[in-house]
Structure formats: C-alpha cells, structure tokens
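The structure under discussion appears below in the form of structure tokens.
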Amino acid sequence: MSPATTENSWASGLGIFAGAALLTVGVFQFLEGVAAAAKDDVFVRTTNYVFSFDLTTWGWVHIVAGIVIAVVGGSILAGQRWALLAGVVLAMLSALLNFVWLPYYPVWAVVVIAFDIAVIWALSTILGNSRH
C-alpha cells in the first residue's frame, strides 16, 4: 500500500466520521430544541448564571441549528466538498451555542461540545490534507 493510498484511506475514514458525528450533533440539537420549546419545565436553570434567555426561544434556535447542522452532516457523507468548511463553521457555532446552554442541561451540553470538537478536528485534518 503506497503512502498516497494510506493518506486517502485516512481522509475517507475521517470524512465518514465527521459527517456521521455532525449528523448526530444535528439530531442532538434538534431534540434539545424540541424538548425546550415543547415543555419549559423539563429543564432546571442554574441560579445566578450570567446568561439568562427565554427557554422557548432557545428551543427554536436549537431546532433550526439542528436541522442546518444535520443537512451539512449529510452533505459531508454525500461527498460535497463545500460542506467540509461549512461543517467546521457550524461545529464551532454549535459548541458556542451549547456553552451558553450549559445552565439548562450541563451534561448534555458537554456531550454535544465534545462531539463538536471531534468534528472540528476531523474536518480540519481533511481540509489540511487536501491542500497538499
């Protein structure tokens, strides 16, 4: 197996991982949003937190973000090159969105942030390798 073939295999595997992880993040965001928009008493807010927003509004923000993120994740799996950079940007925005979401559901937000970091790493690796 030549080095170029090995590198292509890694890039392909990372692309599949990144697309699947981004699709998963999109579904997580969507479900988070549905839970927040449908029933405000599902979440317990931490008192005296710096950020305080209407939970129903946050729910709709998560629903829209989840749909867009899932579409980009599916586009990465379909092999669309434009989706690689869009995936990095959306994963960064998702991580920031979930950082602000911490007082409402901390464990879930940390899990989604971890997925976002993995997606950013994988897509950045693919983008970095494609320039050589």
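The values are calculated or read from the model by the stated rules, or taken from the named source; none is laboratory data. The structure displayed is predicted, hence computed values, not measured ones. All Cβ positions, glycine included, derive from the backbone under ideal geometry; neighbour counts span all protein chains shown.
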Any pair with Cβ under 8 angstrom, 6 or more apart, that starts in segment 104-119 at a residue that is among the aliphatic types (A, V, I, L, M) and ends at one that is in a loop (DSSP other than H, G, I, E, B): 109/102; 110/102
Residue match in segment 31-47 (condition: modelled with pLDDT of 90 or more, in a helix (DSSP H, G or I) and exposed (fewer than 15 other Cβ atoms within 10 Å of the Cβ)): yes
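Across segment 53-99, what is the number of residues that are among the basic types (Lys, Arg) and closer than 17 Å to residue 20 by Cβ?
The total comes to 0.
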Condition met for residue 68 (more than 17 Å from residue 124 (Cβ to Cβ), of a type outside the set (Ser, Thr, Tyr) and modelled with pLDDT of 95 or more): yes
Residue in segment 61-76 that is touching a helix residue (DSSP H, G or I) at 6+ places or on another chain (Cβ under 9 Å), among the hydroxyl-bearing types (Ser, Thr, Tyr) and either in a helix (DSSP H, G or I) or farther than 22 Å from residue 34 by Cβ (or both) present: yes
Residues that are outside any helix (DSSP H, G or I) and of a type in the set (S, T, N, Q), drawn from segment 77-107: 80
